[in-house]
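The values are calculated or read from the model by the stated rules, or taken from the named source; none is laboratory data. Please read all numbers here as calculations on a predicted model, not as lab measurements. Every residue, glycine as well, gets a Cβ built from its backbone with ideal geometry; the counts of neighbours run over all protein chains shown. Just the protein is used for accessible areas: all its heavy atoms, side chains included, with ligands, DNA and RNA removed. Shrake-Rupley method; radii C 1.70, N 1.55, O 1.52, S 1.80 Å.
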Amino acid sequence: MTIIDDFRSDTVTRPGPEMRAAMAAADVGDAVYDDCPTTLRLEAVAAERLGKEASLFFPSGTQSNLAAIMAHCERGDEFLVGQQAHAYRHEGGGAAVLGSVQPQPLPNGPDGCIPLDAIREAIKPDDFHFARTRLLALENTFNGRVLDPAYVQAATALARDHGLATHLDGARLMNAAVASGQAAATLAAPFDTISLCLSKGLGAPVGSVLAGPRPVIERARRIRKMLGGGMRQTGVLAAAALHALDRNVDRLAEDHARAARLAEVLSRFPALGSGPAQTNMVFMAPDGLDVAAFKAFLSARGIAMGGGYGVLRWVTHLDLDDAALTRVAEACEAFFAGE
């Protein structure tokens, strides 16, 4: 069955005609030689938007997070990270395997916050028996939730007090900015470095940027090459990213509004165990539901959803409209009516 309404992730977005036209018209050069004008413009714009000195274009958020960890840490060091964080759970163990950096996973609360006491207690003393604790990594948004700014200030201040650097996996930071009414640079300010994904709700086909102090970004440039991320005529991709930053940030509010309406639809069916909308995500913890049958029923109607670890997830994005929500409502009604 062809997927008509794809709620699996906001990574499934496809570039529209205007974005494709911008890509076709892009002025390109060799980005490894650092002379691709469109890529340089993207990096300058991203640094300004995030309030940092410099930024660097990467093929993926996984690689930009890894490069940040490796730029802040040496072999045998460790970074503190949430047990449920993407950089720990969903990035293939790259920090340990490729960077020889030990992750120290800590419990995430339901809101994504790592308890401050847990952070404090995990910081190792200056003793050769221990890995050196060098970095605190947080994530915003976390499962669609915007991290509490007061918590962020406290956690990053705690890290600085102990000589740790700070990194933000801000894959969906623009969602957090739109939802909170704060500038992206304000949300990024407490962190040394931040990774921003361009290929999720912003709609670019490929890429992330890593922003931070220029010396750290230059270390990350060397690491990017080492990791195989030194691409050539990236201006074609950078043009799509610039288009996304110029046109698709404010419209994230539409995704959030649709997620709220979707949560209301799903809440009509108690067995789905739907929670409230969190920016552009709705999570379900089904109770007494044949999940495989439900997903197959949706799939037969061209509706796809995501999830894992016993939790199902719906994600709204620019390729979904109000008609998609109507089709979900109709499919749920038909499923529970036994049609």
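When you check A122 against the structure, is it within 25 Å of A211 (Cβ to Cβ), of a type outside the set (S, T, N, Q) and open to solvent by less than 50 Å² (accessible area, probe 1.4 Å), yes or no? No, not satisfied.
Here L298 meets each of (1) open to solvent by less than 40 Å² (accessible area, probe 1.4 Å); (2) in contact with a Cys (Cβ under 8 Å, 6 or more places away or on another chain) with one exception, condition (2). Note on the stretch 1-49: among residues that are open to solvent by 90 Å² or more (accessible area, probe 1.4 Å) and in contact with a Pro (Cβ under 9 Å, 6 or more places away or on another chain), the one that is farthest from P213 (Cα to Cα) is R14. Of D322, D290, all but one fail to be over 25 Å from R145 (Cα atoms) and open to solvent by 50 Å² or more (accessible area, probe 1.4 Å); the exception is D290.
Yes/no matrix, rows are residues, columns are (1) more than 25 Å from F142 (Cβ to Cβ); (2) among the polar types (S, T, N, Q); (3) open to solvent by less than 10 Å² (accessible area, probe 1.4 Å):
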position: S180; (1), (2), (3): no, yes, no
position: L187; (1), (2), (3): no, no, no
position: I194; (1), (2), (3): no, no, yes
position: G207; (1), (2), (3): no, no, yes
position: P213; (1), (2), (3): no, no, no
position: M231; (1), (2), (3): yes, no, no
position: L237; (1), (2), (3): yes, no, no
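None of L272, L242, L262 is under 21 Å from P15 (Cβ atoms) and crowded, with 17+ Cβ neighbours inside 10 Å except L242. In this structure, Q182 does satisfy being free of Cβ contacts under 8 Å to residues at least 40 places away in the same chain and assigned to a loop (DSSP other than H, G, I, E, B). For the stretch 255-287, the set of residues classified as under 21 Å from the mean Cα position of the chain (by Cα) and free of Cβ contacts under 8 Å to residues at least 12 places away in the same chain consists of A257 only.
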